[in-house]
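The values are calculated or read from the model by the stated rules, or taken from the named source; none is laboratory data. The shown structure was predicted, so the numbers you read here are calculated from the model rather than taken from an experiment. Cβ: placed from backbone, ideal geometry, glycine included. Neighbour counts: every protein chain shown. Side chains included, ligands, DNA and RNA excluded: accessible areas come from the protein's heavy atoms. Shrake-Rupley method; radii C 1.70, N 1.55, O 1.52, S 1.80 Å.
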Amino acid sequence: MAQHLKSSSKSILLNILRHNIGFSSPSHASRHLRHNLPHGPLTTRLSPNPITRYCNTMVDTLSSIGSHEDTNSQVMDFPGGKVAFTPEIHFISESNEERVPCYRVLDDNGQQLTNSQFVPVSKEIAVKMYSDMVTLQMMDNIFYEAQRQGRLSFYATAFGEEAINIASAAALSPDDVIFPQYREPGVLLWRGFTLQEFANQCFGNKSDYGKGRQMPVHYGSNKLNYFTVSATIATQLPNAVGAAYSLKMDGKDACAVTFFGDGGSSEGDFHAALNFAAVMEAPVLFICRNNGWAISTPTSDQFRSDGVVVKGRAYGIRSIRVDGNDALAMYSAVHEAREMAIRERRPILIEALTYRVGHHSTSDDSTRYRSADEIEWWNKARNPLSRFRTWVESNGWWSDEAESDLRSKIKKEMLEAIRVAEKTEKPNLNHMFSDVYDVPPLNLREQELLVRQAIKSHPQDYPSDVPL
(Lines give C-alpha, C1' and ligand atoms only; values in the text may rest on other atoms or scores of the structure.)
Protein backbone atom coordinates (compact mmCIF):
# COMPACT_ATOMS: atom_id res chain seq x y z
CA MET A 1 0.00 0.00 0.00
CA ALA A 2 2.80 2.40 0.96
CA GLN A 3 4.64 1.60 -2.27
CA HIS A 4 1.47 2.27 -4.25
CA LEU A 5 1.00 5.68 -2.59
CA LYS A 6 4.64 6.57 -3.21
CA SER A 7 4.32 5.70 -6.90
CA SER A 8 1.01 7.51 -7.14
CA SER A 9 2.48 10.63 -5.51
CA LYS A 10 5.32 10.67 -7.98
CA SER A 11 2.93 10.46 -10.88
CA ILE A 12 0.66 13.19 -9.56
CA LEU A 13 3.56 15.54 -8.83
CA LEU A 14 5.22 15.12 -12.18
CA ASN A 15 1.98 15.54 -14.09
CA ILE A 16 1.30 18.77 -12.16
CA LEU A 17 4.72 20.05 -13.16
CA ARG A 18 4.18 19.06 -16.78
CA HIS A 19 0.81 20.75 -17.15
CA ASN A 20 1.30 23.80 -14.94
CA ILE A 21 4.97 24.70 -15.32
CA GLY A 22 5.54 23.57 -18.90
CA PHE A 23 7.94 20.60 -18.78
CA SER A 24 7.78 18.37 -21.84
CA SER A 25 8.00 15.02 -19.99
CA PRO A 26 8.05 13.55 -16.46
CA SER A 27 11.78 12.92 -16.75
CA HIS A 28 12.40 16.62 -17.50
CA ALA A 29 10.35 17.63 -14.44
CA SER A 30 12.21 15.13 -12.28
CA ARG A 31 15.65 16.37 -13.31
CA HIS A 32 14.64 19.99 -12.83
CA LEU A 33 13.47 19.42 -9.26
CA ARG A 34 16.53 17.37 -8.26
CA HIS A 35 18.86 20.08 -9.57
CA ASN A 36 17.00 23.17 -8.39
CA LEU A 37 15.26 22.48 -5.09
CA PRO A 38 17.24 23.79 -2.07
CA HIS A 39 18.56 21.30 0.46
CA GLY A 40 18.13 23.20 3.76
CA PRO A 41 15.67 22.29 6.53
CA LEU A 42 12.19 21.59 5.28
CA THR A 43 10.70 24.50 7.27
CA THR A 44 12.73 27.00 5.23
CA ARG A 45 11.32 25.70 2.00
CA LEU A 46 7.62 26.13 2.77
CA SER A 47 5.66 28.37 0.45
CA PRO A 48 2.07 29.54 0.36
CA ASN A 49 1.94 28.38 -3.26
CA PRO A 50 0.14 24.99 -3.14
CA ILE A 51 2.15 23.50 -5.98
CA THR A 52 5.46 24.55 -4.44
CA ARG A 53 4.35 23.38 -0.98
CA TYR A 54 3.42 19.98 -2.41
CA CYS A 55 6.81 19.77 -4.13
CA ASN A 56 8.60 20.60 -0.88
CA THR A 57 6.96 17.72 0.89
CA MET A 58 8.13 15.28 -1.78
CA VAL A 59 11.92 15.97 -1.68
CA ASP A 60 12.79 12.61 -0.21
CA THR A 61 10.62 10.79 -2.72
CA LEU A 62 12.09 12.67 -5.69
CA SER A 63 15.64 11.75 -4.71
CA SER A 64 14.95 8.19 -5.76
CA ILE A 65 13.13 8.88 -9.02
CA GLY A 66 16.26 9.18 -11.16
CA SER A 67 17.40 5.67 -10.36
CA HIS A 68 14.24 4.22 -11.91
CA GLU A 69 14.00 6.60 -14.92
CA ASP A 70 13.51 5.06 -18.36
CA THR A 71 16.81 5.70 -20.19
CA ASN A 72 15.07 5.42 -23.58
CA SER A 73 13.17 8.65 -22.84
CA GLN A 74 16.29 10.68 -22.15
CA VAL A 75 17.61 13.16 -24.71
CA MET A 76 20.72 15.28 -25.06
CA ASP A 77 20.40 19.01 -25.63
CA PHE A 78 23.06 19.55 -28.28
CA PRO A 79 23.70 22.33 -30.82
CA GLY A 80 21.26 21.77 -33.66
CA GLY A 81 18.50 20.22 -31.53
CA LYS A 82 17.70 17.42 -29.12
CA VAL A 83 19.38 14.05 -29.72
CA ALA A 84 17.67 10.88 -28.52
CA PHE A 85 19.70 8.05 -26.97
CA THR A 86 19.47 4.42 -27.95
CA PRO A 87 20.81 1.28 -26.22
CA GLU A 88 21.47 -0.32 -29.62
CA ILE A 89 24.67 -0.20 -31.68
CA HIS A 90 23.35 1.16 -34.96
CA PHE A 91 25.37 2.52 -37.88
CA ILE A 92 23.73 4.72 -40.47
CA SER A 93 23.66 2.90 -43.80
CA GLU A 94 26.03 4.10 -46.48
CA SER A 95 23.08 4.36 -48.87
CA ASN A 96 19.32 4.18 -48.99
CA GLU A 97 17.66 0.99 -50.13
CA GLU A 98 16.21 2.88 -53.09
CA ARG A 99 17.85 5.61 -55.15
CA VAL A 100 16.49 9.14 -55.01
CA PRO A 101 13.83 9.43 -57.75
CA CYS A 102 14.29 11.77 -60.69
CA TYR A 103 11.65 14.42 -61.37
CA ARG A 104 10.44 14.65 -64.95
CA VAL A 105 7.43 15.98 -66.86
CA LEU A 106 7.99 14.63 -70.38
CA ASP A 107 8.75 11.01 -71.23
CA ASP A 108 11.51 10.03 -73.66
CA ASN A 109 9.12 10.60 -76.58
CA GLY A 110 8.16 14.10 -75.48
CA GLN A 111 4.73 13.10 -74.20
CA GLN A 112 3.50 14.72 -70.99
CA LEU A 113 3.28 12.27 -68.10
CA THR A 114 -0.11 11.72 -66.49
CA ASN A 115 -0.65 13.87 -63.38
CA SER A 116 2.70 15.56 -63.90
CA GLN A 117 3.31 18.69 -61.82
CA PHE A 118 5.03 21.58 -63.56
CA VAL A 119 5.08 25.36 -63.72
CA PRO A 120 2.92 26.53 -66.67
CA VAL A 121 4.89 27.88 -69.63
CA SER A 122 3.41 30.41 -72.04
CA LYS A 123 3.64 30.10 -75.81
CA GLU A 124 6.10 32.98 -75.96
CA ILE A 125 8.44 31.45 -73.38
CA ALA A 126 8.17 27.93 -74.81
CA VAL A 127 8.97 29.07 -78.37
CA LYS A 128 11.92 31.14 -77.18
CA MET A 129 13.20 28.21 -75.11
CA TYR A 130 13.10 25.88 -78.08
CA SER A 131 14.53 28.49 -80.48
CA ASP A 132 17.45 29.18 -78.14
CA MET A 133 18.11 25.45 -77.71
CA VAL A 134 18.36 25.11 -81.50
CA THR A 135 20.54 28.24 -81.68
CA LEU A 136 22.90 26.89 -79.03
CA GLN A 137 23.23 23.57 -80.83
CA MET A 138 23.93 25.19 -84.20
CA MET A 139 26.37 27.70 -82.69
CA ASP A 140 28.28 24.81 -81.12
CA ASN A 141 28.36 22.92 -84.40
CA ILE A 142 29.71 25.85 -86.40
CA PHE A 143 32.30 26.94 -83.82
CA TYR A 144 33.42 23.32 -83.43
CA GLU A 145 33.98 23.05 -87.19
CA ALA A 146 35.82 26.39 -87.18
CA GLN A 147 38.22 24.99 -84.59
CA ARG A 148 38.76 21.85 -86.64
CA GLN A 149 39.62 24.11 -89.60
CA GLY A 150 42.32 25.79 -87.51
CA ARG A 151 40.47 29.09 -87.19
CA LEU A 152 39.96 28.76 -83.40
CA SER A 153 42.46 27.52 -80.83
CA PHE A 154 39.93 25.66 -78.65
CA TYR A 155 36.24 24.96 -78.20
CA ALA A 156 33.86 23.07 -75.89
CA THR A 157 30.29 22.21 -76.84
CA ALA A 158 27.11 21.76 -74.80
CA PHE A 159 25.72 18.95 -76.98
CA GLY A 160 23.12 16.99 -75.02
CA GLU A 161 22.87 19.61 -72.27
CA GLU A 162 20.89 22.29 -74.08
CA ALA A 163 17.83 21.90 -71.83
CA ILE A 164 19.85 22.56 -68.67
CA ASN A 165 21.29 25.71 -70.22
CA ILE A 166 18.16 27.27 -71.63
CA ALA A 167 15.42 26.03 -69.29
CA SER A 168 17.29 27.09 -66.16
CA ALA A 169 17.99 30.52 -67.67
CA ALA A 170 14.32 30.91 -68.58
CA ALA A 171 13.28 30.26 -64.98
CA LEU A 172 15.61 32.91 -63.53
CA SER A 173 15.43 36.70 -63.28
CA PRO A 174 17.92 38.96 -65.10
CA ASP A 175 18.90 40.24 -61.63
CA ASP A 176 20.08 36.79 -60.56
CA VAL A 177 23.87 36.56 -60.64
CA ILE A 178 25.36 33.67 -62.61
CA PHE A 179 28.62 31.90 -61.72
CA PRO A 180 29.09 29.45 -64.61
CA GLN A 181 31.50 26.69 -65.43
CA TYR A 182 32.34 26.46 -69.16
CA ARG A 183 29.26 24.64 -70.49
CA GLU A 184 26.56 27.24 -69.86
CA PRO A 185 26.70 29.64 -72.84
CA GLY A 186 22.97 29.07 -73.24
CA VAL A 187 22.34 31.16 -70.12
CA LEU A 188 24.09 34.09 -71.81
CA LEU A 189 22.23 33.42 -75.05
CA TRP A 190 18.90 33.57 -73.23
CA ARG A 191 19.85 36.85 -71.59
CA GLY A 192 20.63 38.52 -74.90
CA PHE A 193 24.31 37.88 -75.62
CA THR A 194 24.52 38.07 -79.41
CA LEU A 195 26.15 35.61 -81.78
CA GLN A 196 28.59 38.38 -82.67
CA GLU A 197 29.59 38.74 -79.02
CA PHE A 198 30.16 34.99 -78.78
CA ALA A 199 32.31 35.11 -81.92
CA ASN A 200 34.31 38.10 -80.68
CA GLN A 201 35.26 36.22 -77.52
CA CYS A 202 36.16 32.99 -79.29
CA PHE A 203 38.38 34.82 -81.78
CA GLY A 204 39.86 37.08 -79.10
CA ASN A 205 39.56 40.34 -81.04
CA LYS A 206 39.52 43.89 -79.67
CA SER A 207 35.73 43.74 -79.26
CA ASP A 208 36.08 40.85 -76.83
CA TYR A 209 35.16 42.02 -73.32
CA GLY A 210 38.08 40.02 -71.93
CA LYS A 211 40.48 41.81 -74.33
CA GLY A 212 41.74 38.52 -75.72
CA ARG A 213 43.14 37.26 -72.42
CA GLN A 214 40.87 34.25 -72.04
CA MET A 215 40.61 30.94 -73.89
CA PRO A 216 37.65 30.61 -76.25
CA VAL A 217 34.33 29.73 -74.54
CA HIS A 218 35.37 31.56 -71.36
CA TYR A 219 32.65 34.18 -71.69
CA GLY A 220 31.67 36.94 -69.30
CA SER A 221 29.29 39.89 -69.23
CA ASN A 222 28.92 42.50 -66.50
CA LYS A 223 25.79 43.84 -68.17
CA LEU A 224 24.10 40.43 -68.05
CA ASN A 225 25.23 39.51 -64.50
CA TYR A 226 27.32 36.63 -65.83
CA PHE A 227 30.69 36.29 -64.15
CA THR A 228 33.58 35.40 -66.45
CA VAL A 229 34.23 31.68 -66.75
CA SER A 230 37.23 30.32 -64.88
CA ALA A 231 38.79 27.12 -66.18
CA THR A 232 39.79 25.90 -62.71
CA ILE A 233 37.18 23.46 -61.49
CA ALA A 234 34.66 24.47 -58.78
CA THR A 235 36.29 27.76 -57.79
CA GLN A 236 33.06 29.54 -58.77
CA LEU A 237 31.06 27.78 -56.06
CA PRO A 238 32.34 29.64 -52.96
CA ASN A 239 32.24 32.87 -54.98
CA ALA A 240 28.55 32.30 -55.67
CA VAL A 241 27.82 31.81 -51.97
CA GLY A 242 29.56 35.07 -51.11
CA ALA A 243 27.55 36.91 -53.75
CA ALA A 244 24.33 35.32 -52.51
CA TYR A 245 25.06 36.40 -48.96
CA SER A 246 25.68 39.93 -50.22
CA LEU A 247 22.31 39.91 -52.01
CA LYS A 248 20.68 38.75 -48.79
CA MET A 249 22.34 41.49 -46.71
CA ASP A 250 21.24 44.12 -49.23
CA GLY A 251 17.67 42.81 -49.20
CA LYS A 252 17.66 42.14 -52.94
CA ASP A 253 14.89 40.12 -54.57
CA ALA A 254 17.47 37.97 -56.33
CA CYS A 255 19.71 34.97 -55.83
CA ALA A 256 23.06 33.66 -57.04
CA VAL A 257 23.17 30.64 -59.33
CA THR A 258 26.21 28.49 -59.96
CA PHE A 259 26.74 25.58 -62.34
CA PHE A 260 29.22 22.73 -62.10
CA GLY A 261 29.71 19.16 -63.26
CA ASP A 262 29.80 15.86 -61.41
CA GLY A 263 33.59 16.07 -61.38
CA GLY A 264 33.36 19.39 -59.58
CA SER A 265 31.69 17.67 -56.63
CA SER A 266 35.02 15.97 -55.90
CA GLU A 267 36.70 19.31 -55.29
CA GLY A 268 37.11 20.74 -51.81
CA ASP A 269 35.53 24.00 -52.98
CA PHE A 270 32.25 22.12 -53.51
CA HIS A 271 32.06 20.95 -49.91
CA ALA A 272 33.24 24.26 -48.50
CA ALA A 273 30.65 26.12 -50.57
CA LEU A 274 27.73 23.92 -49.50
CA ASN A 275 28.61 24.20 -45.84
CA PHE A 276 29.21 27.95 -46.17
CA ALA A 277 25.84 28.42 -47.88
CA ALA A 278 23.91 26.34 -45.35
CA VAL A 279 25.41 28.04 -42.30
CA MET A 280 25.00 31.56 -43.71
CA GLU A 281 21.54 30.73 -45.11
CA ALA A 282 22.54 32.23 -48.44
CA PRO A 283 20.03 32.33 -51.34
CA VAL A 284 22.08 30.38 -53.88
CA LEU A 285 21.18 27.64 -56.35
CA PHE A 286 23.77 24.93 -56.91
CA ILE A 287 22.99 23.31 -60.27
CA CYS A 288 25.04 20.18 -60.92
CA ARG A 289 25.17 18.87 -64.47
CA ASN A 290 25.75 15.20 -63.74
CA ASN A 291 26.56 14.07 -67.28
CA GLY A 292 28.31 10.87 -66.27
CA TRP A 293 31.83 11.89 -67.17
CA ALA A 294 34.47 14.28 -65.82
CA ILE A 295 36.48 14.31 -69.04
CA SER A 296 37.41 10.59 -69.06
CA THR A 297 36.60 9.85 -65.41
CA PRO A 298 33.22 8.10 -64.92
CA THR A 299 31.02 8.87 -61.94
CA SER A 300 31.81 5.42 -60.54
CA ASP A 301 35.33 6.73 -59.93
CA GLN A 302 34.07 10.05 -58.53
CA PHE A 303 31.87 8.91 -55.64
CA ARG A 304 30.09 5.94 -54.05
CA SER A 305 27.03 7.93 -52.98
CA ASP A 306 23.75 8.03 -54.85
CA GLY A 307 24.96 10.77 -57.13
CA VAL A 308 25.27 14.37 -55.98
CA VAL A 309 21.73 15.04 -54.74
CA VAL A 310 22.25 13.17 -51.45
CA LYS A 311 25.24 15.35 -50.55
CA GLY A 312 22.96 18.31 -49.96
CA ARG A 313 21.22 16.74 -46.97
CA ALA A 314 24.54 16.13 -45.23
CA TYR A 315 25.05 19.89 -45.18
CA GLY A 316 21.45 20.74 -44.35
CA ILE A 317 20.51 21.82 -47.87
CA ARG A 318 17.20 21.09 -49.56
CA SER A 319 17.83 19.13 -52.77
CA ILE A 320 16.13 17.66 -55.81
CA ARG A 321 17.11 15.34 -58.67
CA VAL A 322 15.81 16.34 -62.11
CA ASP A 323 15.84 14.89 -65.60
CA GLY A 324 18.27 17.34 -67.18
CA ASN A 325 17.13 16.42 -70.69
CA ASP A 326 13.53 17.43 -69.92
CA ALA A 327 13.20 21.18 -70.51
CA LEU A 328 9.86 21.44 -68.72
CA ALA A 329 11.17 19.62 -65.65
CA MET A 330 14.29 21.79 -65.52
CA TYR A 331 12.26 24.97 -65.91
CA SER A 332 9.84 23.97 -63.15
CA ALA A 333 12.51 22.79 -60.71
CA VAL A 334 14.66 25.89 -61.11
CA HIS A 335 11.63 28.17 -60.93
CA GLU A 336 10.48 26.60 -57.64
CA ALA A 337 14.02 26.46 -56.26
CA ARG A 338 14.54 30.15 -56.95
CA GLU A 339 11.30 31.06 -55.18
CA MET A 340 12.30 29.03 -52.12
CA ALA A 341 15.84 30.37 -52.07
CA ILE A 342 14.71 34.00 -52.05
CA ARG A 343 11.57 33.67 -49.93
CA GLU A 344 13.11 31.42 -47.27
CA ARG A 345 16.70 32.67 -47.58
CA ARG A 346 18.18 29.23 -48.10
CA PRO A 347 20.46 27.39 -50.54
CA ILE A 348 19.06 24.73 -52.88
CA LEU A 349 20.94 21.92 -54.64
CA ILE A 350 19.68 20.65 -58.01
CA GLU A 351 21.23 17.56 -59.57
CA ALA A 352 20.36 17.42 -63.28
CA LEU A 353 20.91 13.97 -64.77
CA THR A 354 22.05 14.33 -68.37
CA TYR A 355 24.68 13.09 -70.80
CA ARG A 356 27.54 14.85 -72.55
CA VAL A 357 26.95 13.80 -76.14
CA GLY A 358 29.95 15.74 -77.44
CA HIS A 359 33.59 15.33 -76.57
CA HIS A 360 34.75 17.10 -73.43
CA SER A 361 36.43 19.66 -75.68
CA THR A 362 38.30 19.83 -78.97
CA SER A 363 41.30 18.50 -77.01
CA ASP A 364 39.46 15.26 -76.25
CA ASP A 365 38.44 12.09 -78.11
CA SER A 366 35.73 10.58 -75.93
CA THR A 367 35.50 7.38 -78.00
CA ARG A 368 38.74 6.30 -76.33
CA TYR A 369 36.91 5.79 -73.03
CA ARG A 370 33.26 5.25 -74.00
CA SER A 371 31.57 3.52 -76.89
CA ALA A 372 30.19 5.30 -79.93
CA ASP A 373 27.00 3.24 -79.51
CA GLU A 374 26.46 4.67 -76.02
CA ILE A 375 26.86 8.20 -77.34
CA GLU A 376 24.51 7.58 -80.23
CA TRP A 377 21.85 6.02 -77.99
CA TRP A 378 21.73 9.06 -75.74
CA ASN A 379 21.70 11.40 -78.74
CA LYS A 380 18.66 9.67 -80.23
CA ALA A 381 16.70 8.19 -77.31
CA ARG A 382 17.06 11.06 -74.83
CA ASN A 383 17.65 14.07 -77.06
CA PRO A 384 16.47 17.19 -75.20
CA LEU A 385 15.66 19.16 -78.36
CA SER A 386 13.46 16.52 -80.00
CA ARG A 387 11.60 15.86 -76.74
CA PHE A 388 10.79 19.49 -76.16
CA ARG A 389 9.94 20.11 -79.81
CA THR A 390 7.36 17.31 -79.66
CA TRP A 391 5.67 19.00 -76.70
CA VAL A 392 5.77 22.46 -78.28
CA GLU A 393 4.33 21.09 -81.53
CA SER A 394 1.58 19.26 -79.62
CA ASN A 395 0.42 22.66 -78.39
CA GLY A 396 0.29 24.00 -81.95
CA TRP A 397 3.16 26.43 -81.35
CA TRP A 398 5.72 25.09 -83.85
CA SER A 399 5.92 23.64 -87.35
CA ASP A 400 8.36 22.24 -89.89
CA GLU A 401 8.29 25.57 -91.71
CA ALA A 402 9.22 27.45 -88.52
CA GLU A 403 12.04 24.98 -87.92
CA SER A 404 13.44 25.44 -91.42
CA ASP A 405 13.26 29.24 -91.23
CA LEU A 406 14.96 29.32 -87.84
CA ARG A 407 17.85 27.09 -88.84
CA SER A 408 18.43 29.02 -92.06
CA LYS A 409 18.45 32.32 -90.17
CA ILE A 410 20.86 31.08 -87.47
CA LYS A 411 23.32 29.66 -90.00
CA LYS A 412 23.42 32.91 -91.92
CA GLU A 413 23.95 34.98 -88.75
CA MET A 414 26.65 32.65 -87.45
CA LEU A 415 28.69 32.71 -90.63
CA GLU A 416 28.49 36.51 -90.76
CA ALA A 417 29.50 36.77 -87.09
CA ILE A 418 32.57 34.63 -87.72
CA ARG A 419 33.49 36.62 -90.82
CA VAL A 420 33.36 39.89 -88.86
CA ALA A 421 35.15 38.48 -85.81
CA GLU A 422 38.03 37.15 -87.91
CA LYS A 423 38.54 40.48 -89.65
CA THR A 424 38.35 42.61 -86.49
CA GLU A 425 41.70 43.80 -85.16
CA LYS A 426 43.28 42.00 -82.22
CA PRO A 427 43.75 43.73 -78.83
CA ASN A 428 46.97 45.62 -78.31
CA LEU A 429 49.81 43.71 -76.69
CA ASN A 430 49.83 46.02 -73.68
CA HIS A 431 46.44 44.58 -72.59
CA MET A 432 48.35 41.50 -71.42
CA PHE A 433 49.66 43.60 -68.54
CA SER A 434 46.83 46.05 -67.82
CA ASP A 435 43.68 46.18 -65.68
CA VAL A 436 45.14 44.49 -62.60
CA TYR A 437 47.31 47.16 -60.97
CA ASP A 438 46.76 50.91 -61.04
CA VAL A 439 50.51 51.25 -61.48
CA PRO A 440 52.13 48.09 -62.91
CA PRO A 441 54.81 46.72 -60.55
CA LEU A 442 58.42 46.27 -61.60
CA ASN A 443 58.13 42.56 -62.35
CA LEU A 444 55.29 43.11 -64.83
CA ARG A 445 57.12 45.95 -66.54
CA GLU A 446 60.15 43.67 -66.90
CA GLN A 447 57.99 40.90 -68.38
CA GLU A 448 56.47 43.25 -70.93
CA LEU A 449 59.95 44.46 -71.92
CA LEU A 450 61.14 40.87 -72.39
CA VAL A 451 58.11 39.99 -74.53
CA ARG A 452 58.65 42.99 -76.79
CA GLN A 453 62.35 42.17 -77.15
CA ALA A 454 61.51 38.58 -78.09
CA ILE A 455 59.01 39.71 -80.73
CA LYS A 456 61.55 42.13 -82.18
CA SER A 457 64.20 39.41 -82.33
CA HIS A 458 61.90 36.69 -83.73
CA PRO A 459 59.05 38.42 -85.58
CA GLN A 460 58.31 35.32 -87.65
CA ASP A 461 57.22 33.42 -84.51
CA TYR A 462 54.52 35.88 -83.46
CA PRO A 463 51.15 36.75 -85.09
CA SER A 464 51.47 39.78 -87.28
CA ASP A 465 47.91 40.94 -86.62
CA VAL A 466 48.53 41.80 -82.92
CA PRO A 467 49.23 45.54 -82.54
CA LEU A 468 52.34 46.31 -80.54
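Remarks
- The overall shape of the range 123-423, judged from the alpha-carbon gyration tensor, is rounded, with an a/c ratio under 1.5.
- Accessible heavy-atom area order of I142, I350, highest first, probe of 1.4 Å: I142, I350
- Full-extension gain in nm, Y437 to N395, via 0.36 nm per residue minus C-alpha separation: 9.6 nm
- FRET E, pair E94, Q117, Förster distance 41 Å, beta-carbon r, rounded to 0.05: 0.85
- Surface calculation, 1.4 Å probe, protein heavy atoms: R318 sits at approximately 100 Å² accessible.
- Dipole axis of the range 378-429 (+1 Lys, Arg; -1 Asp, Glu on Cβ), positive-most option in L385, A417, S404: L385
- Separation of the M340 and S404 label points, Cα + 7 Å toward Cβ, nm: 4.6 nm
- Computed packing ranks the peptides 181-191, 319-329, 361-371, 442-452 as 319-329, 181-191, 361-371, 442-452, most packed first, by mean other Cβ atoms within 10 Å.
- Net length gained if the chain between L468 and R370 were fully extended (0.36 nm per residue, minus Cα distance): 30.7 nm
- Placing a label point 7 Å from the Cα of N275 along the Cα-to-Cβ direction, the residues of the range 284-324 whose backbone N falls under 18 Å of that point are 310-318.
- Using the 1.4 Å probe convention, the accessible area of the range 123-423 works out to 40 Å² per residue with neighbouring protein chains retained.
- Taking all protein chains together and rolling a 1.4 Å probe, Y226 ends up with roughly 10 Å² accessible.
- Inter-label distance for K128 and D107, nm, one decimal - labels placed 7 Å from Cα along Cα-to-Cβ: 3.2 nm
- Carbon plus sulfur fraction of accessible area for the range 123-423, probe 1.4 Å, in percent: 48 percent
- Per-residue Karplus couplings for the range 410-418, computed as 6.51 cos²θ - 1.76 cosθ + 1.60 with θ equal to phi - 60°, are listed in order as 5, 4, 5, 5, 5, 5, 5, 4, 5 Hz, Gly and Pro entered as x.
- If the chain linking F154 and N141 were pulled fully straight, counting 0.36 nm for each residue of separation and taking away their Cα-Cα distance, it would gain 3.4 nm.
- Cleavage-rule hits (trypsin sites (Lys or Arg not before Pro)) in the range 66-146: DSSP loop, at most 15 neighbouring Cβ within 10 angstrom: R99
- The range 248-277-the range 370-412 distance, computed between alpha-carbon centres (Å): 32 Å
- Pair W377, V83: separation of 7 Å Cα→Cβ label points (nm): 4.5 nm
- If R0 equals 22 Å, the separation of the Cβ atoms of D306 and E267 corresponds to a calculated FRET efficiency of about 0.70.
- L113 accessible area, assembled protein chains, probe 1.4 Å, Å²: 60 Å²
- When only the Cβ of Lys, Arg, Asp and Glu is charged (+1, +1, -1, -1), the dipole of the range 121-180 relative to its Cα centre reaches about 220 debye.
- Charge dipole magnitude, Cβ of K and R +1, D and E -1 - the range 123-423, Cα centre, debye nearest 20: 480 debye
- Sequence-distant contacts, meaning Cα pairs under 8 Å at least 6 residues apart, place the relative contact order of the range 123-423 at 23 percent.
- Toward the positive end of the charge dipole of the range 123-423, with +1 on the Cβ of Lys and Arg and -1 on the Cβ of Asp and Glu, the farthest Cα among Y144, G242, A333 is that of G242.
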